[in-house]
Amino acid sequence: MKKQYDVLIVGGGVIGLACAHYLLIAGRKVCVIEKETLGSGASHGNCGLVFTSDLLPMCAPGAIRAEILRKIHGTTALYFKPIPDPGLLAWLLMFAGKCNRRHLQHAVSARDSLLRHSRWLYDKLLADGRIHCDWAEKGILMVYKDARLMEKYAGTNAILEPYGLGASPVVGRELHALEPALKYDVYGAWHHSADTHLRPDSLIKSWSTELRNKGADIVEECEVLSLEATRGRITGALTSKGRYAFDTCVMAAGAWSPGLTRPLSIKLPIQPGKGYSITMSRPTPCPEIPCYFCERKVVATPFSNGYRLGSIMEFSGFDLTLKRQRLAYLRRVAGEYLKSPVGDRVEEEWTSLRPMTYDDLPIIGPAPEHKNLFLATGHGMTGISMAPGTGKLIAELITGQAPHIDPAPYRVERF
Ligand SMILES: Cc1cc2nc3c(=O)[nH]c(=O)nc-3n(C[C@H](O)[C@H](O)[C@H](O)COP(=O)(O)OP(=O)(O)OC[C@H]3O[C@@H](n4cnc5c(N)ncnc54)[C@H](O)[C@@H]3O)c2cc1C
């Protein structure tokens, strides 16, 4: 039997670390268990956007039609494995059922709450300069080659404006002065100047060092095999390194969470959404502002000593094969928008799985029938952006403090 903890957190991604951070502040004795190394899931090689203005859920009205058109025009970044999967099919049907105005309004407000507070919490988290993550306040450019499609984004912008998150359109010379790395045939961009970015791998490394210094136990290469439950309580975790005991457990295992909760009869409607990235040395010229190439859904993120291209949403289960054609897509799209799309030296080619819920809202809060199990998962494409708010909310719910945001929209009972 290992030592007794107040809280055991399953998963050493950005969400697990955020939960550990706020629980330590609340005076809890915390242990994070990670099956591989910290950040070995989706939190390592992602695009690093702290995309506070990303209020619209994937399941917005018109999303399916737009994706079908992309498929027809050969500009899609969405793929499905050819073998039918009943779980995925059910998820897709539920997703389709959420592509309506009512859900849009609900999701925009729920996403705003978590994203906005997370942005403020990042400021506090990074204020004393102990966590290093290449934080940069340069905004994000939503870049378009096609003037007509750029104009259509005005509809999205109109939804963001009441939240104070509207972007400014920048075209022609003004755009090329703002971001000289873009090709001259790029028509324009919407500049979300309030958004920021960071280097996720640096964040994980630096944040975990800080947590260890503050007393958290972080155990890597230790897989949680199962959770033991007796009479509505989780009583222990059986791991590849022995049994752990604790008062409370937080499930923050990203796309792998459903596999651990299923034996407890907790069904989490999360599908693994596979993404890819390539990290390189900085090309010349290198974008200074992160660019989202909207027609192709590829992101180029600059870091102080590197540069990353990332994208793709592939629903192919837990297969982590690095498909060369997906990486080639990233390079090809960057070549359509940037004067110098790739750096000389490739540092890493990467793939991982996003935890995707069909309503594009995370799952945060207590499990219904196991009062000492808390869920912090399902952050989809915005886990970096939503991490601090999630961690703080979990700590508040566990310690019985008044929550800083309304937890209702994130509760698992909504499914
Ligand atoms: C290509 C790409 C680009 C992205 N870009 C952005 C972006 O720009 N901005 C943004 O906000 N988000 C972005 N995301 C999404 C973001 O990466 C995820 O939402 C976020 O990393 C999820 O964090 P997590 O901690 O929940 O999951 P993960 O980082 O996957 O962490 C879960 C951890 O749990 C561990 N684990 C699993 N099972 C067990 C077990 N049985 N025992 C112990 N440990 C276990 C895993 O090894 C893993 O390390 C992107 C994702 C991808 C793939």
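Computed from the coordinates by the stated procedures, all read-outs in this text should not be read as laboratory data. Because the structure is a prediction, the values reported are computed rather than measured. Here the Cβ positions follow ideal geometry from the backbone for every residue, glycine too, while neighbour counts run over all protein chains shown.
Some notes on this structure:
- Looking at the range 287-344 alone, DSSP beta bridges between its own residues are antiparallel in about 90 percent of cases.
- Size descriptor, Kirkwood hydrodynamic radius, that averages inverse alpha-carbon separations across the range 357-396, Å: 10.6
- Under conditions of 37 °C and 0.692 mPa s, the range 222-266 yields 301 µm² s⁻¹ as its translational diffusion coefficient, taking Rh as the Kirkwood radius over Cα pairs in the Stokes-Einstein equation.
- Set Lys214/Lys392; Lys81/Lys241; Lys98/Lys392; Lys138/Lys274 screened for pairs whose C-alpha atoms are more than 25 Å apart: Lys81/Lys241; Lys98/Lys392; Lys138/Lys274
- Loop trypsin sites (Lys or Arg not before Pro), the range 108-172, which have at most 14 other Cβ atoms in a 10 Å radius of their Cβ (DSSP): Arg130
- Rounded to the nearest 10 degrees, the inclination of helix 147-160 to the longest alpha-carbon principal axis of the chain is 40 degrees.
- The range 1-128: Cα Rg divided by the 2.2 N^0.38 Å rule of thumb: 1.38
- Loop-located trypsin sites (Lys or Arg not before Pro) across the range 320-415 with a Cβ neighbour count of 11 or fewer within 10 Å are Arg345, with loop assigned by DSSP.
- Relative contact order %, the chain, counting alpha carbon pairs below 8 Å whose residues are six or more apart: 26
- Placed amide H near Arg354: partners under 5 Å, 5+ positions off or other chain: Gly273, Lys274, Gly275
- Sequence-distant aspartates and glutamates (8 or more away, or on other chains) whose Cα lies within less than 13 Å of Lys371: Asp247
- Among Phe246, Phe315, the ranking by other beta carbons within 10 Å of each residue's beta carbon, starting with the fewest, stands as Phe315, Phe246.
- P(r) tail fraction, the chain - alpha-carbon pairs more than 40 Å apart, %: 13
- Computed about its Cα centre, the charge dipole of the range 4-414 is approximately 640 debye, with only Lys, Arg, Asp and Glu carrying charge at their Cβ.
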